[in-house]
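**Student:** Right, I'll just put the structure down here and ask away after.
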Amino acid sequence: MFVGALTALITPFRDDRIDEKALRAIVSEQIEQGIDGLVPAGTTGESASLSHDEYKQLLKIVVDEARGRVPV
């Protein structure tokens, strides 16, 4: 199903909220540099520290920014 290298993305925060602008820049940079896929909330302990709403927001932003160019 997945092949190649997939980046475990960090989730940037600013003022205790997901920094959407920074996250979109990270996603775009990864894709532009040739990554094969993206793994939101894939870093150590991150998924357990996000609220349910933050996790949903994170996924929405990453999927939107990826625009089907790579699997999420």
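**Student:** Restricting segment 40-71 to residues that are of a type in the set (Val, Ile, Thr) and modelled with pLDDT of 95 or more, which is farthest from residue 6 (Cα to Cα)?
**Tutor:** Per the stated criteria, the residue is 61.
**Student:** Among (1) loosely packed, with under 14 Cβ neighbours inside 10 Å; (2) of a type in the set (Asp, Glu); (3) in contact with a Phe, Trp or Tyr (Cβ under 7 Å, 6 or more places away or on another chain), there is one condition residue 19 misses while meeting the rest; what is its number?
**Tutor:** Unmet for residue 19, out of (1) loosely packed, with under 14 Cβ neighbours inside 10 Å; (2) of a type in the set (Asp, Glu); (3) in contact with a Phe, Trp or Tyr (Cβ under 7 Å, 6 or more places away or on another chain): (1).
**Student:** Which condition number in (1) modelled with pLDDT of 95 or more; (2) in a loop (DSSP other than H, G, I, E, B) is the one that residue 10 fails?
**Tutor:** (1)
**Student:** Applying the selection to segment 48-72, what residues are assigned to a helix (DSSP H, G or I) and open to solvent by less than 40 Å² (accessible area, probe 1.4 Å)?
**Tutor:** Hits for segment 48-72 are 58, 61, 62, 65, 66.
**Student:** Give me the pairs: first residue in segment 38-61 and at positive phi and touching a residue at least 12 places away in the same chain (Cβ under 8 Å), second residue part of a helix (DSSP H, G or I) and of a type in the set (Phe, Trp, Tyr), beta-carbon distance under 8 Å, and six or more apart or on different chains, which are they?
**Tutor:** Once the first residue is at positive phi and touching a residue at least 12 places away in the same chain (Cβ under 8 Å) and sits in segment 38-61, its partners that are part of a helix (DSSP H, G or I) and of a type in the set (Phe, Trp, Tyr) give 41/55.
**Student:** Step by step: first the residues of segment 23-47, then only those that are out of contact with any helix residue (DSSP H, G or I) (no Cβ under 8 Å at 6 or more places or on another chain) and among the charged types (D, E, K, R), then the one that is most open to solvent (accessible area, probe 1.4 Å). Which residue is that?
**Tutor:** Top of the filtered list is 32.
The values are calculated or read from the model by the stated rules, or taken from the named source; none is laboratory data. None of these values were measured; they are calculated from a predicted model. Backbone-built Cβ (ideal geometry, glycine too); neighbour counts: all protein chains shown. Keep in mind that these areas ignore ligands, DNA and RNA; they rest on the heavy atoms of the full protein, side chains included. Shrake-Rupley method; radii C 1.70, N 1.55, O 1.52, S 1.80 Å.
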